[in-house]
Amino acid sequence: MGETWFQREFLTGRRLAFNVIFYGLHFFFFGYGWHSQATNTRLAGLNSLGFSVWTSRGAGLVLAFDGGLILIPMLRNIIRVVRPKVQFLFPADENIWFHRQVAYSMAFWSMVHTTAHYVNFINVERTQIRKQSAQMIHYTQPGGITGHFMLLIMMLIYTTAHHKIRNQCFEAFWYTHHLAFFFMIGIYTHATGCFVRDSVNPDLIATFPFYSTRHCLGYLSWRFIIWPGILYFGERVYREYRARRATRLSKVLVHPSGAMELRIVKPSFKYTAGQWLFIQVPELSSFQWHPFTITSAPEDPYVSIHIRQVGDFTKALGDRLGVGPSVVAAMTTAAMKGSERKDVYTGSRGDFVEIDSSTSALGLPAVRIDGPYGAPAEDVFNCEVAILIGAGIGVTPFASILKHIWYRQKKGNLGTLRRVEFFWVCRDAPSFGWFQSLLQEVEAAQADPNFLRINVYLTQKIGEDMLWNIAVNDAGAEYDPLTLLRTRTMFGRPDWMTIYGRMHQVIESGQYLPGSKSQLKTKVGTYFCGPGVLAKAIKEACVHHSSSSVDFSFAKEHF
Ligand SMILES: Cc1cc2nc3c(=O)[nH]c(=O)nc-3n(C[C@H](O)[C@H](O)[C@H](O)COP(=O)(O)OP(=O)(O)OC[C@H]3O[C@@H](n4cnc5c(N)ncnc54)[C@H](O)[C@@H]3O)c2cc1C
């Protein structure tokens, strides 16, 4: 029987270690909060309420812990800097996943905390240990007001963060998530009401934090958890400042598949291959920042990104640049037929049209970029063999990585890297236009035909007409008729188990890396960018074929 969902998510390798530490800490804080409330003799009055008050205190402490923790994975700039040093300890690239785990935990403990408090308030009203009604505590005291306010914000944030809503209306997710600012204010001020006290009336004072610690007990956690909040706020201010540094959109190219390539000049922007950035076009929206992978190499004199027009922002940008969806549709149809219209653009599928901004009264729009973020591809140079796999739009990071490898190859500075296998899995033929010129260049520049192998897969079902076209054009041709590369396109989905199996075999036999020492383990790093289902299949193949002589590692980039 295969591995169950529970085994995979909770009981394997690093996940098990994570779960033991993560949930262990949560239960520790819950127990500590419960214990410090229950054993505090100064709180004998409140403790007469029993389990509910101990539960609310324990869950409250867990929530304070989570309130500090949830912002840490969002400190993108700090993570980028510390990533190389902490990667051995935990996967820093999984920051969004971690953010989500903390969010799930907060949802659970909020329910525990709120339910326990509702019981507390009803019992206060029933027993009259304080002369207050439950409703008064709920709606007139700081703890009750901030608590309800935070619950409302959580409901908005959690519902709009659901992947279905996020995919349909990213703006709803994006703007609602900024309510987190008010949520954090709520968490830091939740205790100002002095609900937990040893006096009959709250001992409120006029100066910050507006309650006296002589009678108001506990709730000092905000002094610790405010730091991630300060750091996050500092990062946002720094990002704003950095994004305002001189930036110019110097060129826009449109590839036949419809992808727009923006070339931006920003001298202060430093990055490494494989990273991504946020772009803003203030003319279209002064609030929206959209992430795109950097497709240029650090050695290039510009920063480039390739944009597919899929929704409001990207289509509006296309329209603004004069290559809106209708122009793209015409180009895509032409490319599908393999008969590019000469009046739209000239040349082969790999060519592009440069937008001539001088003919437009508006010129090119102003842009701002923020970043870089994400994992640099420098790890590639630490393995002997790099397997780079891009699926669809996921090919973008590899444009930069392949160019960077090429620049380093020219300088004779490849580190331990001896061979590169590049896989590009594409659904339809026009998409090949994207990086075909780049791949052609890289392929042509190879002195050693074995250093870089390009494997292109077309997964789309092929019609009879197209099949004929391919057959006629392919016969005896030096270049593949679809990609114009020397490598032949393969049709259908790649069988990863077989591919990795064969790879393992040839490495072990010594044919793949001649001269490598057989007693050493060959390090083969896989770098993948694309959909989750494919990632799973590739990872399984890596794990299955790893052995004492060949170590297949797997890393993926999320879009
Ligand atoms: C790390 C990363 C790298 C990316 N690199 C590329 C690239 O090289 N080329 C490319 O064409 N696309 C890339 N994308 C996707 C690109 O960000 C979205 O296509 C773009 O933001 C769509 O915006 P829209 O308003 O036109 O479309 P919408 O219809 O609003 O959204 C289409 C899809 O994009 C997502 N999306 C929308 N806005 C954002 C945002 N601000 N942040 C994250 N996701 C968003 C939505 O959830 C939805 O799934 C990348 C995304 C990520 C997260």
- prompt: What is the fewest-to-most order of K266, K164 by other Cβ atoms lying within 10 Å of their Cβ?
  reply: K164, K266
message: Just want the ordering: V265, V20, V524, from fewest to most Cβ atoms lying within 10 Å of their own Cβ.
response: V20, V265, V524
query: Debye sum, Cα scatterers, segment 188-304, no solvent: what log₁₀ I/I(0) at q = 0.18 1/Å?
result: -0.98
query: Here are some pairs, K411/K539; K270/K411; K403/K536; which of them have Cα atoms lying more than 22 Å apart in this structure?
result: K411/K539; K403/K536
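Beyond 31 Å, what share of the Cα-Cα pairs of segment 20-241 is found? Please give it as a whole percent.
Of all Cα-Cα distances in segment 20-241, 26 percent exceed 31 Å.
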task: Could you let me know the centre-to-centre spacing of segment 132-173 and segment 1-58, using Cα atoms, in angstrom?
output: 23
field: Top positive-direction residue, dipole computed over segment 136-254 with Cβ charges, set F183, C216, T247
entry: T247
field: Compactness of segment 126-239, expressed as Rg and Dmax over alpha-carbon positions, Å
entry: 17.5, 53
- request: Calculate the length of the line joining the C-alpha centroid of segment 79-97 to that of segment 371-392, in whole Å.
  value: 15
field: q = 0.12, 0.14 Å⁻¹: log10 I(q)/I(0) that the Debye formula gives for segment 77-197, counting C-alpha atoms only
entry: -0.61, -0.76
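Bear in mind these aren't lab numbers, they're just calculated from the coordinates by the rules spelled out. Since we're looking at a predicted model, the values are computed, not measured. Note: ideal-geometry Cβ built from the backbone for every residue, glycine included; neighbour counts use all protein chains shown.
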